[in-house]
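The values are calculated or read from the model by the stated rules, or taken from the named source; none is laboratory data. All values reported here derive from a predicted model rather than from experimental measurement. Positions of Cβ are generated from backbone atoms using ideal geometry, with glycine treated the same way; all protein chains shown enter the neighbour counts.
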Amino acid sequence: MPNTSKVKKKVVKTKTLNKVKSKPSKKPSVKSKEINKNPIKISKTYLPKESEKYMCEKHKIFFRMKLQEWKKELIKSNNEALYNGSMDDNSISADIVDQASSYTDKNVEMKAINRQIKLISEIDKALARIREDTYGYCLDTAEPIGLKRLMARPVAKYTIAAQEKHEKNEKVHADD
């Protein structure tokens, strides 16, 4: 056992040595530039306006906050559903009709949870597009999706016309 404590001490010493050796660079890093830049703040009641430049910083902040809040709500809802669903597992009924009903209910719940997990993934992708400055623009045509559409569906990736084209293609391939 004494060998492991010596190893830990050595690791700690090397970590502190590395910290001491590193000197702050004279050039400001990208992070420090962002910190020095005045962050744009929006009120909780702010709504994007058509009169503002499309996908300005205010719009990006608004949609980032909206997406993050939506994601938080979905995760909370999923956790509650999973917790409550696991609590019901102990109640096994002798009646076959009750068992079938319980199974059907659980199946519906799991499908809803799976849909929400996919939606969380779409939210993560939308947040990544905000970071990459491609949010709000169609992935096919690069045209603005539009504030009204994004307000209704913040994870939208396509303009309405491009979305209809995708859905039509999916239907054609599904019929094959």
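Numbers for the structure displayed
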| item | result |
| --- | --- |
| Some residue of segment 147-163 being touching a helix residue (DSSP H, G or I) at 6+ places or on another chain (Cβ under 6 Å) and over 20 Å from E69 (Cα atoms) | no |
| Counted residues, segment 137-160 - those being surrounded by fewer than 12 Cβ atoms within 10 Å (Cβ to Cβ) and either touching a strand residue (DSSP E or B) at 6+ places or on another chain (Cβ under 7 Å) or part of a helix (DSSP H, G or I) (or both) | 2 |
| Whichever residue in segment 119-140 is touching a helix residue (DSSP H, G or I) at 6+ places or on another chain (Cβ under 6 Å) and without any contact (Cβ under 8 Å) to a residue 40 or more places away in the chain and, among such residues, is farthest from C56 (Cα to Cα) | D140 |
| Any hit, segment 64-74, residues being surrounded by 11 or more Cβ atoms within 10 Å (Cβ to Cβ) and more than 30 Å from I42 (Cα to Cα) | no |
| Of all residues in segment 93-114 being surrounded by 10 or more Cβ atoms within 10 Å (Cβ to Cβ) and more than 32 Å from the chain's Cα centre (by Cα), the one that is nearest to S77 (Cα to Cα) | S101 |
| Residue in segment 150-170 that is polar (S, T, N, Q) and farther than 29 Å from I61 by Cβ present | yes |
| Matching residues in segment 80-136 - criterion: being at pLDDT 95 or above, of a type in the set (D, E) and in a helix (DSSP H, G or I) | E122, D124 |
| Answer residue from segment 27-57, given it is under 28 Å from I117 (Cα atoms) and surrounded by 13 or more Cβ atoms within 10 Å (Cβ to Cβ) and is modelled with the lowest pLDDT among those | P48 |
| Residue match in segment 162-175 (condition: surrounded by 14 or more Cβ atoms within 10 Å (Cβ to Cβ), without any contact (Cβ under 8 Å) to a residue 40 or more places away in the chain and in a loop (DSSP other than H, G, I, E, B)) | no |
